[in-house]
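Take this structure, written in structure tokens, and hold onto it; I'll ask about it next.
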Amino acid sequence: MKKITHLALAVLLAAPASLAVHGNAAADSMEHVMGTEKSQVAIRQIQTRAFDTREQKQTLRTVIATLQDLGFVIDKADESLGTVSGTKLNGYSLRMTVTVKPHGKTQTSVRANAQYNVVAVEDPEPYQQFFAALEKAMFLTAHEVD
Amino acid sequence: MMRRPLCVLVAFSMIMGGCAQQIPKDALQLRPESLELRQLQTRSFETKDEKKLLTTGASVLQDLGFNIDESETPLGVIVGSKDRDAVEAGQVVGSVMVAVLFGVYMPVDKNQKIRASLVTRPVDKKTNMRVTFQRIIWNTQGQITRTESVEDPKIYQEFFEKMSKSVFLEAHEI
């Protein structure tokens, strides 16, 4: 009898909980397709830096080396598009895509975006850390881009 | 029999905890041991022929049973992976003991995916090669139980031993 009481209690506890979690997810999950926390401009600013170089290929190679230094395994790289993606596994899964392209007449812009497990990284600090590591490997200063 | 509601509560708090996860503060920070790891994962080869070194790297990955998933020769990148068994005898024994003592089935590790990226880079008259491995482990219920970077020095030593051997074999066309 006691067993049944506990089982009923568990079901009572679990039912609204799972309804709250899953019901919510079903209604709102489509929003994630276009969803971001910050504005488009704000996100670009956080995720982009410019370097005083026109060496796109060299920059891509340095990005790859920096990702490896940070513990990433490279997933893909494409020279003509200027993109590199990598994944870091450390009890979590951190995916990052970095794009490199010419910026103005003398610079190259580097943009990184990351997802931590199933959440977009929109906090400026991790990007600051990434660009700090990249600066060291590039032997160049990373400039903020407007 | 207090275990059941407790399990539900624990599971529930885990689900809720999963919603509010945040990236660890040091996830994108260079660690003091980064340099050491770089040395462990890198070797320098006395060649300027980057493409040939990449080809040799690809054949070593094949020697180890990896399939090539991606490659971009102009950037010196090869990505490979393999799926393997992840059953560990100790875990199975533990699970059986738990089943016998408490009548509860405890899932054990079953499969793993091992990923490797191999990157070459010309440095003066030589070419550097850096390889990194990581793996994901799933249990008998299909849940991910572990995600990790491989940092065991022995693995990298063995890889580069095979790499040196391959360079030798291919130089002699064996």
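Yes/no per residue for (1) assigned to a helix (DSSP H, G or I); (2) at pLDDT 95 or above:
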residue: A:6; (1), (2): yes, no
residue: A:19; (1), (2): yes, no
residue: A:22; (1), (2): yes, no
residue: A:50; (1), (2): no, yes
residue: A:60; (1), (2): yes, yes
residue: A:64; (1), (2): yes, yes
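Name the residue, out of A:65, A:120, A:42, that is within 24 Å of residue B:73 (Cβ to Cβ) and out of contact with any Leu (no Cβ under 7 Å at 6 or more places or on another chain).
A:65
With the requirement that a residue be within 14 Å of residue A:61 (Cα to Cα) and in contact with a strand residue (DSSP E or B) (Cβ under 8 Å, 6 or more places away or on another chain), what does the range B:72-97 give you?
Result: B:72, B:75, B:76, B:77, B:78.
Of the residues B:104, B:123, B:108, which is over 30 Å from residue B:51 (Cβ atoms) and loosely packed, with under 15 Cβ neighbours inside 10 Å?
Being over 30 Å from residue B:51 (Cβ atoms) and loosely packed, with under 15 Cβ neighbours inside 10 Å holds for just one of B:104, B:123, B:108, which is B:104.
Sticking with this one: Answer yes if at least one residue in the range A:34-42 is in contact with a Cys (Cβ under 9 Å, 6 or more places away or on another chain) and at pLDDT below 95, and no otherwise.
no
All but one of (1) more than 9 Å from every other protein chain (Cβ to nearest Cβ); (2) surrounded by 14 or more Cβ atoms within 10 Å (Cβ to Cβ); (3) small (Gly, Ala, Ser); (4) over 24 Å from residue B:42 (Cα atoms) hold for residue A:85, so report the exception by its number.
Failing condition for residue A:85: (4).
Right, something else. Yes or no: residue A:140 exposed (fewer than 14 other Cβ atoms within 10 Å of the Cβ), assigned to a loop (DSSP other than H, G, I, E, B) and not β-branched (Val, Ile, Thr)?
When the stated conditions are applied, residue A:140 does not pass them.
Considering only residues of the range B:42-95 that are in a helix (DSSP H, G or I) and within 14 Å of another protein chain (Cβ to nearest Cβ), which is surrounded by the most Cβ atoms within 10 Å (Cβ to Cβ)?
Within the range B:42-95, the match that is surrounded by the most Cβ atoms within 10 Å (Cβ to Cβ) is B:57.
Turning to a different aspect of this structure: Just a yes or no: is a residue in the range A:93-115 over 28 Å from residue B:150 (Cα atoms) and in contact with a His (Cβ under 6 Å, 6 or more places away or on another chain)?
yes
The values are calculated or read from the model by the stated rules, or taken from the named source; none is laboratory data. Not measured: the values here are computed from a predicted model. We place every Cβ from the backbone using ideal geometry, glycine too, and count neighbours over all the protein chains shown.
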